[in-house]
Amino acid sequence: MIGYVTLGVSDMEKAKQFYSDLLGDMGAKLLLDMGRIAFIGKDLSTPMLAVCTPFNGEPNNPGNGNMLALQPGSKEAVDSYYKKAIELGATCDGEPGQRIPNQFYGAYVRDPDGNKLAFFQFG
């Protein structure tokens, strides 16, 4: 159902590198680069992440309440991706931990442009 999610960024080269490095272990790579927008994912027929400079030329602004949630496959992987994001320049927006007992484990970061990301595992 989801084709791609777009995040506005201020520095395309930095954003492409950040997300390619962060999501590479999930099999994602830069698939299509069209200048002001680039698509990162496993292939063009599965859901992708797009980073772009805003079409209207105005500065990017992270949306209040907007978040991209990624499910890496285990609680240990949540911890690993959180740590990797921080090492790549993200900032903490909620350390890894159990959020809902026996149901939801998650960690939260802000990418270098302030976009909120979650890494999570149900169960």
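Derivation of every value follows stated rules applied to the coordinates shown; laboratory data play no part. This is a predicted model, so every value here is computed, not measured. Note: ideal-geometry Cβ built from the backbone for every residue, glycine included; neighbour counts use all protein chains shown.
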| Would you pick out the residues in segment 83-104 that are within 15 Å of Pro72 (Cβ to Cβ) and assigned to a strand (DSSP E or B)? | Pro96, Phe104
| Sole residue being of a type outside the set (Gly, Ala, Ser) and touching a Lys or Arg at 6+ places or on another chain (Cβ under 7 Å), chosen from Leu30, Leu23, Leu44, Leu88 | Leu30
| field | Unique match (being touching a residue at least 12 places away in the same chain (Cβ under 8 Å), of a type in the set (A, V, I, L, M, F, W, C) and surrounded by fewer than 15 Cβ atoms within 10 Å (Cβ to Cβ)) among Ala77, Ala69, Ala28, Ala50 | value | Ala69
| note | Of the residues in segment 8-25, those that are more than 24 Å from Ala77 (Cβ to Cβ) and buried (at least 17 other Cβ atoms within 10 Å of the Cβ) come to Gly8, Val9
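Does Ala118 fit the bill of being under 21 Å from Val5 (Cα atoms) and either small (Gly, Ala, Ser) or surrounded by 19 or more Cβ atoms within 10 Å (Cβ to Cβ) (or both)?
Numbers: under 21 Å from Val5 (Cα atoms): yes; either small (Gly, Ala, Ser) or surrounded by 19 or more Cβ atoms within 10 Å (Cβ to Cβ) (or both): yes.
Against the criterion (under 21 Å from Val5 (Cα atoms) and either small (Gly, Ala, Ser) or surrounded by 19 or more Cβ atoms within 10 Å (Cβ to Cβ) (or both)), Ala118 qualifies.
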